[in-house]
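To start, the structure itself, in structure tokens.
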There are 4 protein chains.
Amino acid sequence: MKRPSIILNFKAYPLSYGKDALKLAKIAEKVSRERSIEVILAVPFTEIFRISQSVENPIFAQHVEHFQLGAYTGYILPEMIKDAGAKGALINHSEHRITIDAVVGTIKRLKENGLESVVCLQHYELVHPIAILSPSAILIEPPELIGKGKAISKERPELITRAVDEVKKTPDVILIAGAGITSGADVYEAIKLGADGVGLASAFMLSKDPEAVLRDMVDGALRAFDNLG
Amino acid sequence: MKRPSIILNFKAYPLSYGKDALKLAKIAEKVSRERSIEVILAVPFTEIFRISQSVENPIFAQHVEHFQLGAYTGYILPEMIKDAGAKGALINHSEHRITIDAVVGTIKRLKENGLESVVCLQHYELVHPIAILSPSAILIEPPELIGKGKAISKERPELITRAVDEVKKTPDVILIAGAGITSGADVYEAIKLGADGVGLASAFMLSKDPEAVLRDMVDGALRAFDNLG
Amino acid sequence: MKRPSIILNFKAYPLSYGKDALKLAKIAEKVSRERSIEVILAVPFTEIFRISQSVENPIFAQHVEHFQLGAYTGYILPEMIKDAGAKGALINHSEHRITIDAVVGTIKRLKENGLESVVCLQHYELVHPIAILSPSAILIEPPELIGKGKAISKERPELITRAVDEVKKTPDVILIAGAGITSGADVYEAIKLGADGVGLASAFMLSKDPEAVLRDMVDGALRAFDNLG
Amino acid sequence: MKRPSIILNFKAYPLSYGKDALKLAKIAEKVSRERSIEVILAVPFTEIFRISQSVENPIFAQHVEHFQLGAYTGYILPEMIKDAGAKGALINHSEHRITIDAVVGTIKRLKENGLESVVCLQHYELVHPIAILSPSAILIEPPELIGKGKAISKERPELITRAVDEVKKTPDVILIAGAGITSGADVYEAIKLGADGVGLASAFMLSKDPEAVLRDMVDGALRAFDNLG
């Protein structure tokens, strides 16, 4: 994964599948190309194949299990998402929590398959412990801010700062700030505080003008990075 | 759903995804056409689109949630599987149990979307209670026989007979017998006992000659039906 | 279980354990004796022994598993609650949902141990299906009303009426209405609509005068019963 | 918690509750006194009060939730086990896995209540990450050995060695080895490899002579400690 890193989580929103999802993916591709920035799309399992065939952005699964291939009706494993075109997966999203053993197991299984892993966490105290397990990235997201239009970078800047301090104890793990990011200014702030990227969902998925929203966010990220460089 | 009904559950077996899955789906399509029989394929979420584009057999999801479209990262909803090409879904598979509220909710949500629902149960006492909720079908599958090569029709014929008695209390609900079905003779027996069809998984998915296996099963089903008719 | 039936769910409220819980149990015992009515106390596992030793009211567990005695660290089984002094258990409470197989299994295991079973449900469509499994009682409780101070009997009287119609299809299963019951008038209404009793939690557990609250409720129940008789 | 530390997990075995459980607890107390060693008893929630009133050994819960006191029907919280007489709890037992957020939350909530926390893990890679969260102890227990009569100290000594190396990165966290410990020789070996104690369950709970078994184990531990000292 590259810096700055923008992850768009399609969740299971009304526009997260079918033609609408393809249209949103095309918008993300357009903005990514314009600004030469990586925008990852985390899409429902059913959409991985179609969207990865249609756009050049990296496609992630929103979840994946750690079991070996076998008798697991209704579950999706790393080999399946890879074959369908995914480059990685979210792990332990706040809407899909798993056990600690599953976190370790999923990071390993994704790595074995050459896939990226983004572990979602709400407690900054977990950043260092989980970073030791060497996922590609950690997405810190206080649940009380998710989908509330209150940006983590404004409301709880200390959560980003502390998470940044924690993640620095291990090299190479990317830190992404999520929750409540709705504008380029929020993104700018998060990256200035030390995050390597941001996670977005409702601000983009439920917007009337998703292209403008994404362009604003991306510009916020690029401005903060230039400023840091 | 038609009678006799054959459901092939791909589970998450090594050949359940990608090219191998397509090849197995093509085999199922060939046998279905030859014998003019409906063979339903229950495939991983990631494969629904590709397989439904490639074969004419009805494709089912192996699971689906009952939530309304919204913030449910990593979950798959009826609208998504329908858009991807599915005609129905398994519910409450023994490897993916859900709450009773979720059973009711999922049957409703599938119906709203014009999709079939197959509720998996292990206790025959549940057949009548769940049939009252009007799913398309009930798949009765004693977990102790799953994947053991011991057919429900041989080992526990009374489970089929009792389930048949129970399902008759409600009209129009199809009864499918699963677990340990490995030969045409097992299928024949199950249908003679009153089942409307059978569910298969390992016998087909792990076979060296899946085409021969499926043809044998299908012939067992047709023989039993001719016999009954 | 008797009619009318009042169930006080202590939940895990601040007064649900230790001396406070004993005090509340004593209040319930006092009112029960005064009015010669059965008031069941559903208490945390840790409190079953102490409270059942101290009051004559029937003590229920708030949950219980259906496994056989064995290697189930941290789980509580019917034999344990019985030995500690319980007379029954709630099953599938809206805060503790279980699979349909577990519902069947738990009803059976409680019966084997001579214990009562109260299955909690939110959908009236489930009342008949679950009543077929012969629990002692069904507690119908629309989750949107729980703890909101809006009584099921006022806000959704049709839910009680429909549930009553459904439960009548099987003899001997008691129907209890829960959610939002806060006054004797609510209780009166619920029983007039056909319920055999009511379930209470916050109205009693969080009240400044739990004795007055309970007496008011009990009187509402008795008035409705006299009126019906 | 003291060194060496012996934890007896009563699980939900046939003798885990009521009079039998009290009898086993008395045996443990007798051996503890004789040898002046701490033997912790992890018992079902329903037994905490009775057993803690009857023996002087520290009583632990086998599980506990991290929620704040409130509307959590059927769940047991730190305040409840403390009031009933417990001194600590097992967390994330292999038979009762929880999310990573729940692990952090439970350690904190136990600490707030002055209770000990023993986090169970199967992967040695998790030992350091979880030790950072400062539980009282970590119990390493490869699930493939649990209840198999194959001791971790014989079958997988490297798991203990690696776990010991990992736990040393944080001061004050005790390391306990579990799984398959059946004799004093197994205990001796585990402690010689660097463990601070052992966890036992079936070897004691299902034994015909639990007193002899426990005395043998305790002697193995003491011998290893003398040897180390």
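The values are calculated or read from the model by the stated rules, or taken from the named source; none is laboratory data. Being a predicted model, the structure only gives us computed values, none of them experimental. As a convention, Cβ positions derive from the backbone with ideal geometry for all residues, glycine included, and neighbour counts pool all protein chains shown.
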Which residue is modelled with the highest pLDDT, if the candidates are limited to segment A:212-225 and must be touching a Lys or Arg at 6+ places or on another chain (Cβ under 8 Å) and crowded, with 20+ Cβ neighbours inside 10 Å?
A:218
Within 14 Å of chain D (Cβ to nearest Cβ) and at pLDDT 95 or above - does that describe any residue in segment A:204-211?
no
Scanning segment C:11-25 residue by residue, the ones that are part of a loop (DSSP other than H, G, I, E, B) and under 25 Å from residue C:223 (Cα atoms) total 0
Just give me the residues in segment A:51-79 being without any contact (Cβ under 8 Å) to a residue 40 or more places away in the chain, buried (at least 20 other Cβ atoms within 10 Å of the Cβ) and in contact with a Pro (Cβ under 7 Å, 6 or more places away or on another chain), in sequence order.
A:76
Which of the residues belonging to segment C:187-203 are surrounded by 24 or more Cβ atoms within 10 Å (Cβ to Cβ) and either among the acidic types (Asp, Glu) or away from chain D (no Cβ under 14 Å) (or both)?
C:187, C:190, C:191, C:195, C:197, C:198
Regarding residue C:181, is this residue in a loop (DSSP other than H, G, I, E, B) and either closer than 29 Å to residue C:111 by Cβ or more than 16 Å from the chain's Cα centre (by Cα) (or both)?
yes
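Is segment B:103-119 home to any residue that is under 19 Å from residue A:46 (Cβ atoms), touching a strand residue (DSSP E or B) at 6+ places or on another chain (Cβ under 7 Å) and of a type in the set (S, T, N, Q)?
Within segment B:103-119, one or more residues are under 19 Å from residue A:46 (Cβ atoms), touching a strand residue (DSSP E or B) at 6+ places or on another chain (Cβ under 7 Å) and of a type in the set (S, T, N, Q).
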If I go through segment C:28-50 residue by residue, how many of them are surrounded by fewer than 21 Cβ atoms within 10 Å (Cβ to Cβ) and outside any loop (DSSP other than H, G, I, E, B)?
5
Within segment A:2-27, how many residues are of a type in the set (Gly, Ala, Ser) and within 16 Å of the chain's Cα centre (by Cα)?
4
Those residues of segment A:111-143 that are under 14 Å from the mean Cα position of the chain (by Cα), within 20 Å of residue A:86 (Cα to Cα) and within 12 Å of chain D (Cβ to nearest Cβ) come to a total of 4
Report the residue count in segment D:133-146 for those that are at pLDDT below 90, buried (at least 16 other Cβ atoms within 10 Å of the Cβ) and not acidic (Asp, Glu).
3
Counting only residues that are in a loop (DSSP other than H, G, I, E, B) and touching a Ser or Thr at 6+ places or on another chain (Cβ under 9 Å), which one in segment A:149-177 is modelled with the lowest pLDDT?
A:149
Residue that is modelled with the highest pLDDT, among those in segment B:108-128 that are more than 17 Å from residue B:198 (Cα to Cα) and surrounded by 24 or more Cβ atoms within 10 Å (Cβ to Cβ):
B:110
Of all residues in segment C:61-87, which are in a loop (DSSP other than H, G, I, E, B), touching a Ser or Thr at 6+ places or on another chain (Cβ under 9 Å) and more than 7 Å from chain D (Cβ to nearest Cβ)?
C:64, C:65, C:66, C:85, C:86, C:87
So, in segment C:35-50, of the ones that are more than 16 Å from the chain's Cα centre (by Cα) and at pLDDT 95 or above, which residue ends up farthest from the other protein chains (Cβ to nearest Cβ)?
C:47
Per the filter on segment B:13-27, residues within 8 Å of chain A (Cβ to nearest Cβ) and surrounded by 24 or more Cβ atoms within 10 Å (Cβ to Cβ) are B:16, B:17
Out of everything in segment B:18-49 that is touching a strand residue (DSSP E or B) at 6+ places or on another chain (Cβ under 9 Å) and of a type in the set (D, E, K, R), what residue ends up being nearest to residue B:114 (Cα to Cα)?
B:38
Checking the condition free of Cβ contacts under 8 Å to residues at least 40 places away in the same chain and over 22 Å from residue A:72 (Cβ atoms), which residue from B:161, B:99 passes?
B:161
Please enumerate the residues belonging to segment D:95-107 that are facing chain C (nearest Cβ under 9 Å) and crowded, with 19+ Cβ neighbours inside 10 Å.
D:95
Filter segment D:80-94 down to the residues that are surrounded by fewer than 24 Cβ atoms within 10 Å (Cβ to Cβ) and in contact with a strand residue (DSSP E or B) (Cβ under 9 Å, 6 or more places away or on another chain) and list them by number.
D:85, D:87, D:94
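Evaluate the following for residue B:195: is it touching a Lys or Arg at 6+ places or on another chain (Cβ under 9 Å), in a loop (DSSP other than H, G, I, E, B) and either touching a residue at least 40 places away in the same chain (Cβ under 8 Å) or not charged (D, E, K, R) (or both)?
No.
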